[in-house]
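To keep things clear, I will list the structure first and then write my remarks on it.
Derivation of every value follows stated rules applied to the coordinates shown; laboratory data play no part. Source: prediction; values computed, not measured. Positions of Cβ are generated from backbone atoms using ideal geometry, with glycine treated the same way; all protein chains shown enter the neighbour counts.
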Ligand SMILES: [Zn+2]
Ligand SMILES: [Zn+2]
C-alpha cells in the first residue's frame, strides 16, 4: 500500500487520513515548512515541527489550530507512526517520516544538506520510499561552500563602502535573509533592512537564533551616512521601486541559486549575483537519495523529469508526483529547458 498519494488537494496519506503541505484547505495538514508554497492558509488542523511555530503563526495567523512536535518525537494517528526530522532548509523545516505496517516513507519537503547556522542540520532518515524535491535537479547546479559566498558579499560591501556607494542586497525574506545575516561580517558596517524583513528576523531571534543587529531603513533619515556605509537587505520586490531612491548611488546584488545562470542575472539587471541557495544542489540531492536507502523515489517539483531519468539509470524505481509547489526564490528564474548554460 502506498503511504502517500497525489490528490487534487495535495499529497495524501490514505491510512492516516491527512495531507502533507496541501495546496487546498483540508482537515488535517502536516506542514514541512513555512514557505508560501508549502504552508497554505485555511486548513482546520496543522501539525509542524516546534521550531517552526513562530514562522507559521506569523504567516498563517496566530489563531491557527497548530500542534507541534519536537524533532524525532513520534505520534500515532490511525496506526500510522509519524515523526518530523530536520530538513536543513529554513528554521523549523522538517522531513515527514511515516511508518505503517513495517513500511517507511519519508516526504522531505524542501531541503539542503549543507549546514546552516540558522536551522537544525539535515538528518538522513532510512526509508523504503523517499519523496524528494528537485528545484536544482540538474547536473550544472553545484554550490560553492557558503563561507566563500559570504566572503564575496563582504568584499563587495567593503568595496562599495570605500567608493561611497550603498550596497543593496536582494534576497528572499524568509530563510535566505537570516542565513546571510548570520554569515556575513557584521563588523563592516551597519545593516539596514526593508520593513518586510524585520518581522521574520524577529521570529528567528525569538527562536534563539543569533543574528546581528539590524535597523529598519525607515528608521534612518534621508541623507544619513549610514545609508551609504550600510548593507541594505531587501526582498526582490523592492527592486526598481520608489523605495530605492533614498539610496542615491548604489550597487545592487541578488542572492539566489539561480544566479548561477547568466540569463537569470541578466534578467535581474543587478550588478552582482551571489549563488546561495537553501535547496540541495545536484550532488546534494543525489547524496540524500542514496543515503536514505530508498528503492523507490517520488520527485515533486523542479527539474522532475531529469532527476527521475537519472535515478532510473541508477536502478531506482523513480517517478514524478504532480504537485503545485513552486520555488520561493523566484520560479520566474527557473530555466525552461535543460540546455541553459551555467556562467
Ligand atoms: Zn521552501
Ligand atoms: Zn518549495
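Rank the residues 129, 81 as a footprinting-exposure proxy: fewest other Cβ atoms within 10 Å of their Cβ go first.
Arranged by neighbour count, lowest to highest, 129, 81 become 81, 129.
Starting from the coordinates of the alpha-carbon atoms of segment 259-326, obtain the Kirkwood hydrodynamic radius over all distinct pairs and give the value in Å to one decimal. Show your work: numbers first, answer last.
Details: mean 1/r = 0.0722 Å⁻¹.
Evaluated on segment 259-326, it is 13.9 Å.
Quick one: compute the contact order of the chain, relative version, from alpha carbon pairs under 8 angstrom and 6+ residues apart, as a percent. Could the numbers behind the result be given before it?
Details: 751 pairs, mean separation 56.9, N = 343.
Once divided by the residue count of the chain, the mean separation gives 17 percent.
If you restrict to DSSP beta bridges whose two residues both lie in the chain, what percentage is antiparallel, to the nearest 5?
Numbers: 22 of 60 bridges.
Taking every DSSP beta bridge within the chain, about 35 percent pair in antiparallel fashion.
Working out 0.36 nm times the residue gap between residue 296 and residue 319, then minus their Cα-Cα distance, what length gain in nm do you get to one decimal? Spell out each step's value before the answer.
Working: separation 23, 0.36 × 23 = 8.28 nm, distance 0.83 nm.
Taking 0.36 nm per residue and subtracting the Cα distance, the gain is 7.5 nm.
Stretch residue 219-residue 144 to full length: gain in nm at 0.36 nm per residue minus the Cα-Cα span? Before the final figure, lay out each step's value.
Values: separation 75, 0.36 × 75 = 27.00 nm, distance 3.53 nm.
The residue 219-residue 144 span can extend by a further 23.5 nm.
Label 7 Å along Cα→Cβ of residue 123; segment 1-18 residues with amide nitrogen under 15 Å?
Flagged as within label range: none.
Please work out the FRET efficiency for the pair residue 74 and residue 196, using the Cβ-Cβ distance as r and a Förster radius of 41 Å; give the result to the nearest 0.05. Can you show the working numbers first?
On the way: r = 37 Å, r/R0 = 0.91.
My answer for the efficiency is 0.65.
Averaging sequence separations of C-alpha pairs under 8 Å and six or more residues apart, then dividing by the length of segment 146-274, give the relative contact order as a whole percent. Could you put the intermediate results ahead of the total?
On the way: 197 pairs, mean separation 43.7, N = 129.
Relative CO of segment 146-274 lands at 34 percent.
Relative to the present Cα-Cα distance, how much length would full extension add between residue 81 and residue 151 at 0.36 nm per residue of separation? Spell out each step's value before the answer.
On the way: separation 70, 0.36 × 70 = 25.20 nm, distance 4.36 nm.
That pair, residue 81 and residue 151, stretches by 20.8 nm at full extension.
Would you mind ranking 150, 18 so that the residue whose beta carbon has the fewest other beta carbons within 10 Å leads the list?
On the way: 150 19, 18 25.
Final ranking by Cβ density, sparse to dense: 150, 18.
In Å³ and rounded to a whole number, note down the convex hull volume per residue for the Cα atoms of segment 221-288.
Numbers: hull volume 7.2 nm³, N = 68.
Spelled out: Cα convex hull of segment 221-288, divided by residues, is 106 Å³.
Could you list 222, 112, 176 so that the one with the fewest beta carbons within 10 Å of its beta carbon is first and the one with the most is last?
Working: 222 9, 112 28, 176 24.
In increasing order of surrounding Cβ atoms, one gets 222, 176, 112.
Measure nothing fancy, just the Cα-based angle from helix 304-313's long axis to the longest principal axis of the chain, in degrees from 0 to 90, nearest 10.
50 degrees
What distance in nm separates the two pseudo spin-label positions at residue 7 and residue 309, each 7 Å out from Cα along the beta-carbon direction?
Reported label-point gap for residue 7 and residue 309 is 3.3 nm.
Need one word for segment 146-274: rounded, prolate or oblate. Basis is the Cα gyration tensor (sqrt eigenvalues a ≥ b ≥ c); a/c below 1.5 gives rounded, then a/b vs b/c decides. Spell out each step's value before the answer.
Working: a/c = 1.31, a/b = 1.05, b/c = 1.24.
Verdict is rounded for segment 146-274.
Run through every distinct alpha carbon pair of the chain and return the Kirkwood hydrodynamic radius in angstroms, one decimal place.
Details: mean 1/r = 0.0482 Å⁻¹.
Roughly 20.7 Å, rounded to one decimal.
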